[in-house]
């Protein structure tokens, strides 16, 4: 079995490795063909073309090494990885180009994506929310299987009083993540915090120099940029933070927000278009912390926190554990990839999938 990994972000790379490991635990022999990162391009259209070509090259190279025993199934990680595929397969995605490449940014990607979705043996969205951005003919049916990325705590939960970071945010793409809105809210709230409480906002994904370039000035007091960190170091910082704060202008999934919930942070966020998986969870946990007034929500989280928030967050993430996803991979995904009939949950019916237009 072969996974063609686009790997354009740390989150995508980790998701591909998690899928590889889960399939292996189910008894499959799996290899990953990793696309080589192309040189930066000036537009999203050219960027997607470069990554699609890189994914095709990786797949072709891997298939050439096994001409006598080709993989029985191929999973393309993201619709971009599948655009120029050398051989049809399943497509796993956090969001389709139909949603995250509007207007001129997706002129060539969207029509080709529709064809690839029609040709795919399986559609494997990260969440139900991702399905909503597919063409109507592709939603549901026997070819669709929601396959989340596992999210679990990375250490013992810390008591609120023991946490020494007030808030953390992830801003590798500062414009898309709404870093300007986050910093404005932090500046307004920080001086209202008691002196004996943490008064620092940590910005992950940007170095101090990069943050200065974004701001055009030195960051305000109480803001520390830590750059791109190894996953273990980043999650260790998250465990020390009381709040994860963000204001995405679009969210294709929100793995960082889910990880923050798993590691004991309260999630303060503005609503955002896209298949934002953590948004409904955050609203259910504490609706005061979700809204356009990020300043108010951040103030409430830091000065009037809900005592049972962390425990309820773990309950909300129960379907995203490795154990739960391993069960889906073994019982549903692997049989479908190999062409055998999967075990169906009681009370469900398998329906025919309509062809895409």
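Residues considered: 155, 141. Of these, the only one that is in contact (Cβ under 8 Å) with a residue 60 or more places away in the chain, out of contact with any helix residue (DSSP H, G or I) (no Cβ under 9 Å at 6 or more places or on another chain), surrounded by fewer than 18 Cβ atoms within 10 Å (Cβ to Cβ) and within 30 Å of residue 3 (Cα to Cα) is 141. Scanning segment 224-237 for residues that are at pLDDT below 95 and in contact with a helix residue (DSSP H, G or I) (Cβ under 7 Å, 6 or more places away or on another chain) turns up just one, 231. Checking segment 26-41 against the condition returns no match, with no residue being assigned by TED's automatic domain parsing to the domain that holds residue 126, on the phi < 0 side of the Ramachandran plot, modelled with pLDDT of 95 or more and assigned to a helix (DSSP H, G or I). Scanning segment 303-338 for residues that are closer than 30 Å to residue 191 by Cβ, touching a helix residue (DSSP H, G or I) at 6+ places or on another chain (Cβ under 7 Å) and in contact (Cβ under 8 Å) with a residue 60 or more places away in the chain yields one hit, 305. Filtered by the rule that a residue be free of Cβ contacts under 8 Å to residues at least 60 places away in the same chain and not in a loop (DSSP other than H, G, I, E, B), segment 158-178 gives 161, 162.
Residue by residue, here is whether (1) surrounded by 15 or more Cβ atoms within 10 Å (Cβ to Cβ); (2) assigned by TED's automatic domain parsing to the domain that holds residue 131; (3) in contact with a helix residue (DSSP H, G or I) (Cβ under 9 Å, 6 or more places away or on another chain) holds:
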| site | (1), (2), (3) |
| --- | --- |
| 194 | no, no, yes |
| 213 | no, no, no |
| 239 | yes, no, no |
| 246 | yes, no, yes |
| 263 | yes, no, yes |
| 267 | yes, no, yes |
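Here residue 227 clears all of (1) in the same structural domain as residue 279 (by TED's automatic domain parsing); (2) at negative phi except the condition numbered (2). Any chance segment 45-57 includes a residue that's at pLDDT 95 or above, under 19 Å from the mean Cα position of the chain (by Cα) and not in a helix (DSSP H, G or I)? No; the residues of segment 45-57 include none that is at pLDDT 95 or above, under 19 Å from the mean Cα position of the chain (by Cα) and not in a helix (DSSP H, G or I).
When each of 64, 95, 130 is tested for being at pLDDT below 95 and surrounded by fewer than 20 Cβ atoms within 10 Å (Cβ to Cβ), the lone residue that passes is 64. Quick one: would you say residue 11 is in contact with a helix residue (DSSP H, G or I) (Cβ under 6 Å, 6 or more places away or on another chain), closer than 27 Å to residue 104 by Cβ, part of a loop (DSSP other than H, G, I, E, B) and not assigned by TED's automatic domain parsing to the domain that holds residue 259? Judged against the criteria, residue 11 is not a match. Please work out which residue is nearest to residue 249 (Cα to Cα), limiting yourself to segment 71-119 and to residues that are out of contact with any helix residue (DSSP H, G or I) (no Cβ under 6 Å at 6 or more places or on another chain), without any contact (Cβ under 8 Å) to a residue 60 or more places away in the chain and in a loop (DSSP other than H, G, I, E, B). Filtering segment 71-119 for residues that are out of contact with any helix residue (DSSP H, G or I) (no Cβ under 6 Å at 6 or more places or on another chain), without any contact (Cβ under 8 Å) to a residue 60 or more places away in the chain and in a loop (DSSP other than H, G, I, E, B), the one nearest to residue 249 (Cα to Cα) comes out as 102.
Quick check: anything in segment 33-40 within 19 Å of the chain's Cα centre (by Cα) and over 23 Å from residue 231 (Cα atoms)? No, there is no match, as no residue in segment 33-40 is within 19 Å of the chain's Cα centre (by Cα) and over 23 Å from residue 231 (Cα atoms).
Only one of the listed residues (274, 254) is crowded, with 24+ Cβ neighbours inside 10 Å and at positive phi. That residue is 254. Given the criteria in contact with a helix residue (DSSP H, G or I) (Cβ under 6 Å, 6 or more places away or on another chain) and either over 25 Å from residue 96 (Cβ atoms) or assigned to a helix (DSSP H, G or I) (or both), does residue 221 qualify? No; evaluated as a whole, the condition is false for this residue. Among the residues of segment 120-148, those that are within 19 Å of residue 15 (Cβ to Cβ) and not in a loop (DSSP other than H, G, I, E, B) comprise 123, 124, 125, 128, 129, 130, 131, 144.
The values are calculated or read from the model by the stated rules, or taken from the named source; none is laboratory data. In this text the structure is predicted, and so the values were computed from the model without any measurement. Because the Cβ atoms are built from the backbone with ideal geometry, glycine has one as well, and the counts that use them run over all protein chains shown.
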